[in-house]
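Colleague: Let me begin by handing over the structure; questions about it come next.
The values are calculated or read from the model by the stated rules, or taken from the named source; none is laboratory data. Keep in mind that what you see is a predicted model, and the values were worked out from it rather than measured. Note that each Cβ is placed from the backbone with ideal geometry, even for glycine, and that neighbours are counted across all protein chains shown.
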Amino acid sequence: MGKPNVNKLPEHLRRDSAGYFLDYWVEEGGENKRKRERLGHIPLTQAKRILALKMSNIVERRYVAEVKPRVTFDEAANSFLVYSEMRKKSFARDKQLVAHLKAFFKVRLLESLTLDSIEEYVKFRRVERPSLSNTTLNREIVCLKTIVNRAVYNGQLVRNPISRIKLFKENPRTRTLTTDEYLRLIEHCASHLKPIIMLAYVTGMRFKEVLRLQWNQIDFQNEVIVLAATDTKTQERREVPVDVELLGLLQQIPRTLGCPFVFTYKGKPIKRISTAFNRACERAKIENFRFHDLRRCAVTNFRKADVSDDVTMSISGHKTRAVFRSYDAIDRGDRKKALAKVRQNDTNKTNAVSAAS
């Protein structure tokens, strides 16, 4: 019945002070797991019969795995994109990430992925684009893990073979505008770009939230912009306050007949502003600045104005404090101001002691 053990019993049958017990391994969920079943003080012949029955069941039911079709990366990626299009606001970005991944993994079987294969992909991307940042690479790796995880959830794969891959350390951007830079930027903006920049700078609204803004979302009476859950990246309703200056600026924008969107150019909704934005930055002599940095400007300005994090997050739409913190740029002025407060506090304590004595 197999290799005997120390007590000269058949393989998988053991005995201790509590009697006989079965000790064997089975395959569950793609992994080998050890099983022990207590039989107690029973006759040896009975224990052997139970062992034989158990082994027979294992061979018939547990070791004969169901044959499943092998899934390629290309198939899993296409399935993920269907999900992304239906469920995620970042579908356009997901398409870009998947395109990079497909160029390397193509029709490779998911089950053949290893941590080394991810390192090969990283090498491939760095050769392809030497200036590629760690942040971009991390987004691609996270997308890859998500694709494989969905294959696991769909029963196409037993486990995620790359679940333990480590991400690269990121150096988050800290670029914001000084007051002088902001004024110069506004001065050199084209007429259709100026209100877009001002709204993003003051409120911290996301790029698509600004460009897709519709007139029925602006509550001029209550001085707020109301974003429905379908209008936000986080799929949560949000109210964004606007002051008199912004309201006046929005009211000056001519409305396009038959078009619900606030920001238009030559009678059509504005979808891209990269050319106009880059020209304005160039004319204003502002370097290393992106439109998304306006969101960081808003969050930083709220903090400098002593607005609480909770209130700021309710305006900007950040869901987690970890991401929110990355948008709050601590600069040299903040550190000097902190030191000045400490010095002032020390001075006040010294004066209080002197007065008491």
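Colleague: For segment 238-289, enumerate the residues that are among the acidic types (Asp, Glu) and either in contact (Cβ under 8 Å) with a residue 40 or more places away in the chain or closer than 15 Å to ILE225 by Cα (or both).
Modeller: GLU239, ASP243, GLU245
Colleague: On to the next question. Can you confirm whether segment 270-287 contains a residue that is in contact with a His (Cβ under 6 Å, 6 or more places away or on another chain), surrounded by 13 or more Cβ atoms within 10 Å (Cβ to Cβ), in a helix (DSSP H, G or I) and not charged (D, E, K, R)? Steps first, please.
Modeller: Looking only at segment 270-287, we keep the residues that are in contact with a His (Cβ under 6 Å, 6 or more places away or on another chain), and these are 280, 283-284.
In the following step, the residues that additionally are surrounded by 13 or more Cβ atoms within 10 Å (Cβ to Cβ) were identified as 280, 283-284.
Cutting the leftovers down to in a helix (DSSP H, G or I) gives us 280, 283.
Next, from what is left, pick out any that are not charged (D, E, K, R): 280.
Within segment 270-287 (the criterion being in contact with a His (Cβ under 6 Å, 6 or more places away or on another chain), surrounded by 13 or more Cβ atoms within 10 Å (Cβ to Cβ), in a helix (DSSP H, G or I) and not charged (D, E, K, R)), the answer is yes, since at least one residue qualifies.
Colleague: How many residues does segment 290-347 hold that are small (Gly, Ala, Ser), assigned to a loop (DSSP other than H, G, I, E, B) and touching a residue at least 12 places away in the same chain (Cβ under 8 Å)? Quick ask: steps written out before the conclusion?
Modeller: Looking only at segment 290-347, we keep the residues that are small (Gly, Ala, Ser), and these are 298, 305, 308, 314, 316-317, 322, 326, 329, 333, 338, 340.
The next check asks that each one be assigned to a loop (DSSP other than H, G, I, E, B); those that pass are 305, 308, 317, 329.
Retained after the next criterion (residues that are touching a residue at least 12 places away in the same chain (Cβ under 8 Å)): 317, 329.
Final tally of qualifying residues: 2.
Colleague: Check segment 210-221 and report whether any residue there is surrounded by 11 or more Cβ atoms within 10 Å (Cβ to Cβ), of a type in the set (Val, Ile, Thr), touching a residue at least 12 places away in the same chain (Cβ under 8 Å) and part of a helix (DSSP H, G or I).
Modeller: yes
Colleague: If only one of VAL202, VAL226, VAL240 is under 31 Å from the mean Cα position of the chain (by Cα), assigned to a helix (DSSP H, G or I) and among the β-branched types (Val, Ile, Thr), which one is it? Break it down into steps so the answer makes sense when it comes.
Modeller: On the way: VAL226 fails: assigned to a helix (DSSP H, G or I); VAL240 fails: assigned to a helix (DSSP H, G or I).
Answer to the check: VAL202.
Colleague: Going through segment 29-58 one residue at a time, which ones are without any contact (Cβ under 8 Å) to a residue 12 or more places away in the chain and assigned to a strand (DSSP E or B)?
Modeller: ASN32, LYS33, ARG34
Colleague: Tell me, yes or no, whether segment 243-262 has at least one residue that is within 17 Å of THR312 (Cα to Cα), within 30 Å of the chain's Cα centre (by Cα) and assigned by TED's automatic domain parsing to the domain that holds VAL311.
Modeller: Our first condition is that a residue be within 17 Å of THR312 (Cα to Cα); within segment 243-262, this holds for 243.
Then drop every residue that is not within 30 Å of the chain's Cα centre (by Cα), which leaves none.
No, segment 243-262 has no match at all.
Colleague: Within segment 221-242, can you find the residues that are farther than 27 Å from SER84 by Cα and either outside the structural domain of HIS318 (by TED's automatic domain parsing) or polar (S, T, N, Q) (or both)?
Modeller: Within segment 221-242, GLN221, ASN222 qualify.
Colleague: If a residue has to be in contact with a helix residue (DSSP H, G or I) (Cβ under 9 Å, 6 or more places away or on another chain) and surrounded by 12 or more Cβ atoms within 10 Å (Cβ to Cβ) to count, how many in segment 301-318 make the cut?
Modeller: Adding up the residues that qualify gives 12.
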